[in-house]
Amino acid sequence: MNKIIFSLLGFFPGLSLASAGVQNLNLTTHWAGYLALILFVIAYVFVMVEEFTHFRKSKPVILVAGLIWAIIAGVYASNGLPHAAEEALRHNILEYAELFLFLLVAMTYIEAMRERHVFEKLKVWLISRGFSFRQLFWLTGFLAFFISPIADNLTTALIMGAVVMAVGGSNTRFISIGFVNIVVAANAGGAFSPFGDITTLMVWQKGIVSFEQFFSLFVPSLVNYIIPAGIMHFAIRNEKPEAVEDKIAIKDGGIVITVLFLLTIATAVSFHNYLHLPPAMGMMTGLGYLMVASYFVKRRNISGEPTSQRFDVFRKIANAEWDTLLFFFGVILSVGGLGFIGYLALVSEAMYVQLGATYANVLVGILSAIVDNIPVMFAVLTMTPEMDLGQWLLVTLTAGVGGSLLSIGSAAGVALMGQSRGYYTFVSHLKWIWAIAIGYGASIVTHIWLNSSLFDGIPI
């Protein structure tokens, strides 16, 4: 459901359906499996109506995650396997820990740059150039599309979301539509790069698709973004933001922190690609950069800020989107539990056996808008269905962009719901699902037509 969740990511190993060496019981037709599934559905209903109930989305999923694993553990213990659920759960927690550390560092940097007026300065610069809201809509969208393949879709969404919030000001309509635009652009941009999304990384690491072959998805990904963006364009009033005086200056250390953030992303990528270390370790190293820099910023205090207002990296950590981070915990653990029960493998197998590769891969994208794309893609890779390169690229595309259909379908969407402070919600995104669906279908048709040579026969 949460694409990076799923993704930042573009950098984490796949969420396993079970830990290696754990004996699995098929609970898909057991009362425990049915109960777990019902609980998960109930939790997601609460997530979807958050804007009406004001019941934070992290609460129901965390509660249900605990209940699901308690049910699983009880059934396994009664069958003489008291430690099986424990091993599988520890594996899922490890997956979340890496994701948590990655996101925490990214969010801390975003907060630090916001406090140093980096985004405010960018806002003033953009407005001073005389761009209208429509022009800003396209500018931020294309920036998200082309940054995502490098920095991953979640990080990109957080950065561009901060820019949209700063530029939009009191124009809540622009902020709402601008966030939808960023989610679609970031997810589409991440689909044609191994580093843009977790699912693309999984396929690349598996050796199914080579690095350069991913770029066959560039045009389909661009189509996926351009069509809904072109439709949403007309919903934005062709007016300019309120003029502002160029009196905002980036606070001391703001430029350095921005450079360190870029260096942190490069460190995470290098740790993963060249040192074969978890990218979260690279991000934590980058947090070390920020902590050292904050020491010197506080000592210099060029701006003469009061002690209570001086830059403090721990204050930035405290201001991270904790509800979003905890939501990711609940979803990953809940979905991991359903995978351990056997539902994800069951659904995946039924799709490819009964529907055929093309329709199954299209359905994978739709499912990724509801269920996290990480375990869905993992299930597909585990089954290793007999598919040609064209079909593997198709499922890579659909799993990457399908999450844009719903705000809860990708890590980018979930993170921006937390960042928007109520301007961007599940319902506000849902209003544009029809336009996003048109782009989704068009990208699939474009891939099948443009890359027809990669398919063995007619892909139907």
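The values are calculated or read from the model by the stated rules, or taken from the named source; none is laboratory data. Computed from a prediction, not measured in an experiment: that's the story for all the values here. Neighbour counts run over all protein chains shown; Cβ positions are idealised from the backbone, glycine included.
Among the residues making up the stretch 257-280, those that are over 15 Å from THR108 (Cα atoms) and either surrounded by fewer than 19 Cβ atoms within 10 Å (Cβ to Cβ) or in contact with an Asp or Glu (Cβ under 8 Å, 6 or more places away or on another chain) (or both) are ALA266, VAL269, SER270, ASN273, TYR274, LEU275, HIS276, LEU277, PRO278, PRO279. Please verify whether the stretch 157-177 includes one or more residues that are surrounded by fewer than 18 Cβ atoms within 10 Å (Cβ to Cβ), assigned to a helix (DSSP H, G or I) and among the charged types (D, E, K, R). Within the stretch 157-177, one or more residues are surrounded by fewer than 18 Cβ atoms within 10 Å (Cβ to Cβ), assigned to a helix (DSSP H, G or I) and among the charged types (D, E, K, R). In the stretch 355-371, the residues that are buried (at least 17 other Cβ atoms within 10 Å of the Cβ) form Cβ pairs under 8 Å with partners that are among the charged types (D, E, K, R), at six or more places apart or across chains, as follows: SER368/LYS3. Do we have any residue at all in the stretch 362-384 that's at pLDDT below 70, charged (D, E, K, R) and under 25 Å from LEU405 (Cβ atoms)? There is at least one residue in the stretch 362-384 that is at pLDDT below 70, charged (D, E, K, R) and under 25 Å from LEU405 (Cβ atoms). Taken over the stretch 213-244, residues that are among the small types (Gly, Ala, Ser), surrounded by fewer than 19 Cβ atoms within 10 Å (Cβ to Cβ) and at pLDDT 95 or above amount to 1. Of all the numbered requirements in (1) touching a Ser or Thr at 6+ places or on another chain (Cβ under 7 Å); (2) closer than 29 Å to THR425 by Cβ; (3) assigned to a loop (DSSP other than H, G, I, E, B), PRO194 misses one, and that requirement is (2).
Can GLU86 be described as modelled with pLDDT of 85 or more, touching a helix residue (DSSP H, G or I) at 6+ places or on another chain (Cβ under 8 Å) and either crowded, with 20+ Cβ neighbours inside 10 Å or not polar (S, T, N, Q) (or both)? It is true that GLU86 is modelled with pLDDT of 85 or more, touching a helix residue (DSSP H, G or I) at 6+ places or on another chain (Cβ under 8 Å) and either crowded, with 20+ Cβ neighbours inside 10 Å or not polar (S, T, N, Q) (or both). Determine which member of the set VAL219, VAL203 is touching a residue at least 60 places away in the same chain (Cβ under 8 Å) and under 22 Å from MET383 (Cβ atoms). Answer to the selection: VAL203.
For (1) more than 17 Å from the chain's Cα centre (by Cα); (2) of a type outside the set (S, T, N, Q), each residue gets a yes or a no:
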{"site": "GLY80", "(1), (2)": "yes, yes"}
{"site": "GLU87", "(1), (2)": "yes, yes"}
{"site": "TYR96", "(1), (2)": "no, yes"}
{"site": "PHE102", "(1), (2)": "no, yes"}
{"site": "HIS117", "(1), (2)": "yes, yes"}
{"site": "LYS123", "(1), (2)": "yes, yes"}
{"site": "SER128", "(1), (2)": "yes, no"}
{"site": "LEU136", "(1), (2)": "yes, yes"}
{"site": "LEU139", "(1), (2)": "yes, yes"}
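If only residues of the stretch 406-425 that are closer than 17 Å to PRO228 by Cβ and hydrophobic (A, V, I, L, M, F, W, C) are counted, the one that is surrounded by the fewest Cβ atoms within 10 Å (Cβ to Cβ) is LEU406. Residues in the stretch 254-281 that are in a loop (DSSP other than H, G, I, E, B) and without any contact (Cβ under 8 Å) to a residue 40 or more places away in the chain: TYR274, LEU275, HIS276, LEU277.
Among the residues in the stretch 365-387, are any touching a Pro at 6+ places or on another chain (Cβ under 9 Å) and outside any helix (DSSP H, G or I)? So that I can check it myself, show each step before the final result.
Our first condition is that a residue be touching a Pro at 6+ places or on another chain (Cβ under 9 Å); within the stretch 365-387, this holds for none.
Scanning the stretch 365-387 turns up no residue that is touching a Pro at 6+ places or on another chain (Cβ under 9 Å) and outside any helix (DSSP H, G or I).
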